[in-house]
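The values are calculated or read from the model by the stated rules, or taken from the named source; none is laboratory data. Please read these numbers as outputs of a predicted model, since none were measured by experiment. Every residue, glycine among them, receives a Cβ derived from its backbone with ideal geometry; neighbour counts consider all protein chains shown. Areas reflect the complete protein model, heavy atoms only, side chains present, ligands, DNA and RNA absent. Shrake-Rupley method; radii C 1.70, N 1.55, O 1.52, S 1.80 Å.
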Amino acid sequence: MNKLIVFKKLKPFLPLYLMMIPCVTYLIINNYIPMVGIISAFKSFKATEGLLGSPWVGLKNFEFLFRTSDIGVIIRNTLLYNVAFILVNNFVGIILAILITGVKNDRLKKVYQSSVLLPFTMSMVVISYVVFAFLSQQNGMLNNSILQNNPVEWYSDATWWPLILTLVQCWKYVGYGALIYIAGISVIDRSLYEAGAIDGAGTWKQMTHITLPALVPSIITLFLLSIGRIFYSDFGLFYLIPQNSGMLFDVTATIDTYVYSALMSPGGIGRSAAAGLVQAIVGFVLVLLVNAIVRKFSSKDAIF
């Protein structure tokens, strides 16, 4: 009898459960089964002996990451770039979302939405060639036009690369966040804007007192997701865009590029797994910490 009651309660949701099957299968195969490989962080992996048969080395693989003389530069770059990306992308994304939703022509609005998302669909390899077309010393657009009388050796001068990488990252990824903010703005009750206009609120006051407060949940969600990957870096951005130039090491070296170099050396699999485990643990702890802070001040805006 109890089973029959449970079945009747679940029956209306059966189509949803069936739709979940492909997603759950994907998560199990691609996210949970590979977690067995975590043990390689504590082993000296040898292909001939396999993952389980390889000898244990304890925390030796972690020493590779923390005992290098460049650890300060690597962690500094990883953290500071991610902080810059979070701040710039959210600020620009919100501005773009507000400007696009303010467009009255529906066709133009769709064109603008597609335009800001287009770079997100492009491979970082393609973007690296686009950047190279601008910055090439001999044939670059900048050196052959604006800087013709004073050309810059972009790929050996580290001065401008923090700005260049931030701009490229923003150009590629800001469209994704902007669409989320556009979706958030589209569900705001239009009567709030009408009431604000009647009370004499102009565009600026409507934005600061209606639009931005309504976007707070979306902002917090994207912020928490970004915090979870603050110890990671976009490998393609920091490896392909600067053309892997050794002259730019101080401003382009991050944990992921350093791990890639380790992967190319003997014993690299264990060292790479150790670095990935550290990144995952730090990201997990930071998400819990920031979410706890958000929950303390506004429980309804916390993820959990």
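Within the group Leu147, Leu165, which residue is free of Cβ contacts under 8 Å to residues at least 40 places away in the same chain and either open to solvent by less than 70 Å² (accessible area, probe 1.4 Å) or within 18 Å of Asn90 (Cβ to Cβ) (or both)?
After ruling out the rest, the residue left standing is Leu147.
Do you know which residues across region 89-138 are hydroxyl-bearing (Ser, Thr, Tyr), free of Cβ contacts under 8 Å to residues at least 60 places away in the same chain and within 22 Å of Arg190 (Cα to Cα)?
Tyr112
Any chance region 217-237 includes a residue that's more than 30 Å from Ile185 (Cβ to Cβ) and among the aliphatic types (A, V, I, L, M)?
Taking every residue of region 217-237 in turn, none turns out to be more than 30 Å from Ile185 (Cβ to Cβ) and among the aliphatic types (A, V, I, L, M).
Can you pull out every residue in region 206-256 that is surrounded by 15 or more Cβ atoms within 10 Å (Cβ to Cβ), part of a helix (DSSP H, G or I) and without any contact (Cβ under 8 Å) to a residue 24 or more places away in the chain?
Answer for region 206-256, where residues must be surrounded by 15 or more Cβ atoms within 10 Å (Cβ to Cβ), part of a helix (DSSP H, G or I) and without any contact (Cβ under 8 Å) to a residue 24 or more places away in the chain: Gln206, Ile210, Tyr239.
I'd like the residue in region 190-199 that is touching a helix residue (DSSP H, G or I) at 6+ places or on another chain (Cβ under 8 Å) and of a type in the set (Gly, Ala, Ser) and, out of all such residues, is surrounded by the most Cβ atoms within 10 Å (Cβ to Cβ).
Filtering first and then ranking leaves Gly196.
Please go through region 267-284 and pick out each residue that is under 10 Å from Gly228 (Cβ atoms) and free of Cβ contacts under 8 Å to residues at least 12 places away in the same chain.
Ala280
Collect the residues in region 168-189 that are small (Gly, Ala, Ser) and either touching a His at 6+ places or on another chain (Cβ under 8 Å) or open to solvent by 50 Å² or more (accessible area, probe 1.4 Å) (or both), keeping them in residue-number order.
Scanning region 168-189 gives Ala183, Ser186.
So, in region 261-285, how many residues would count as being in a helix (DSSP H, G or I), surrounded by fewer than 17 Cβ atoms within 10 Å (Cβ to Cβ) and of a type in the set (Ser, Thr, Tyr)?
Qualifying residue count for the region: 1.
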